[in-house]
Amino acid sequence: MEQTKKKQVLVACGAGVATSTVVNGAIEEMAKEHKIKVDLVQIKISEVGSYVDTADLLVTTAMTKKEYPFPVINARAFLTGIGKEDTKQQILDELKK
Amino acid sequence: MTKLFFDESVILMEVNGETKEAVLEEMGNNLIQKGLVKDSFVKAVIAREKEFATGLPTAGVAVAIPHTDVEHVNTKTISVGILKKPVAFGIMGEEEETVNVELVFMLAMDETHSQLALLQKLMEIFQNEETLKYLMKETDATRIKETIEQQIDFTTL
């Protein structure tokens, strides 16, 4: 089935430098593997506010207390390997919605 | 892109600090003395750790990957600290939970988006219980250097 709209996925960490780079790479790979087109945006967690109107999902290694109009998935599993398959599935489920 | 600096002098075999701040100071000051980072690095890395914790519970030995913005860095490096005693670090992405960290990889990165391969390989170490346990046991800095070099394979970066 053809996707109607490319999903915008925010990938955020504290600095937008280290851990979001790893998570970004992992999601990119995953999307390719499942032939899903996705608009990945790597940012600092403090920049999420600018994307509330456009984003479909936030995947982050940083803690966030704020409420957003889109789901938030914790991405620590991509760094430690613990629970990685679960996290991947969660992201995949959101992308396929 | 500058070449990554990595030798025995950034591998600290006995980090004495008993708080995360003391550990970050000890490791950061070593990098300042070597001119790899600017004087502002220690303060920045401590502040960043407070705001965005970097402790990671792993299958073997808990690690932390403190880092901060590129502007505090002169030369890209990874400093490895083996803690004498486990020290509580906040867990990445959690509000209050902490983890007793025994191994610290302090990242001094000089570019924002270009270190994917390096970081991916570093994370592979965290997912390898055997390597983590070996790093804790090993008493020879040169062997630690060689092990990490092998795992990260600097020649491909």
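Can you give the accessible area buried between chains B and A, summed over both chains, with a 1.4 Å probe, in Å² to the nearest 100?
The contact between A and B buries close to 2100 Å².
Normalised by the residues of chain B, what does the relative contact order come to in percent, with Cα pairs under 8 Å and at least six apart?
That works out to 27 percent.
For the protein assembly as shown, what is the accessible area per residue in Å² when the probe is 1.4 Å?
Per-residue value: 48 Å².
How big is the charge dipole of the range A:7-96 about its Cα centre, in debye rounded to the nearest 20, if each Lys and Arg gets +1 on its Cβ and each Asp and Glu gets -1 on its Cβ?
In debye, rounded to 20, the range A:7-96 gives about 120.
Take the alpha carbon atoms of the range A:5-39, find their center, do the same for the range B:1-45, and report the distance between the two centers in whole angstrom.
30
What shape does chain A take by its C-alpha gyration tensor, where a ≥ b ≥ c are the square roots of the eigenvalues and a/c under 1.5 counts as rounded, a/b above b/c as prolate, and the rest as oblate?
Oblate is the answer for chain A, as a/c is 1.5 or above yet b/c matches or exceeds a/b.
Which whole-Hz couplings ³J(HN,Hα) result when phi for each residue of the range A:15-29 is put into the Karplus expression 6.51 cos²θ - 1.76 cosθ + 1.60, θ = phi - 60°, listed in order with x for Gly and Pro?
9, x, 10, 8, 6, 5, 4, 5, 5, 4, x, 5, 5, 4, 4
Listed here are the pairs A:66/B:137; A:84/B:20; A:35/A:66; A:96/B:20; which of them are more than 30 Å apart at the Cα?
From the list (A:66/B:137; A:84/B:20; A:35/A:66; A:96/B:20), the Cα-Cα distance tops 30 Å for A:66/B:137; A:35/A:66; A:96/B:20.
Can you list, bin by bin at 10 Å, the percent of alpha carbon pairs in the range B:8-151, starting at 0?
Histogramming the range B:8-151 at 10 Å steps yields 12, 45, 38, 4 percent.
How high is the relative contact order of chain A? Use alpha-carbon pairs under 8 Å, at least six apart in sequence, and give a whole percent.
Reported relative contact order: 32 percent.
Using a 1.4 Å probe on the protein heavy atoms, what percent of the accessible area of the protein assembly as shown belongs to carbon and sulfur?
Carbon and sulfur together cover 46 percent of it.
Among A:44/B:3; A:88/B:76; A:32/B:121, which pairs are too far apart, with a Cα-Cα distance over 23 Å?
Checking Cα-Cα distances, A:44/B:3; A:88/B:76 exceed 23 Å.
Any idea of residue B:72's accessible area? Nearest 10 Å², probe 1.4 Å.
For residue B:72, solvent-accessible area is about 30 Å².
Given a cut-off of 20 Å, what percent of all Cα-Cα pairs of the range B:1-61 lie beyond it?
Of all Cα-Cα distances in the range B:1-61, 36 percent exceed 20 Å.
What per residue convex hull volume, in Å³, comes out for the protein assembly as shown when only alpha-carbon positions are used?
121
The values are calculated or read from the model by the stated rules, or taken from the named source; none is laboratory data. Please read all numbers here as calculations on a predicted model, not as lab measurements. FYI the Cβ positions are ideal-geometry reconstructions off the backbone, even for glycines, and counts take in every protein chain you see. These accessible areas exclude ligands, DNA and RNA; they are computed on the full protein's heavy atoms, side chains included. Shrake-Rupley method; radii C 1.70, N 1.55, O 1.52, S 1.80 Å.
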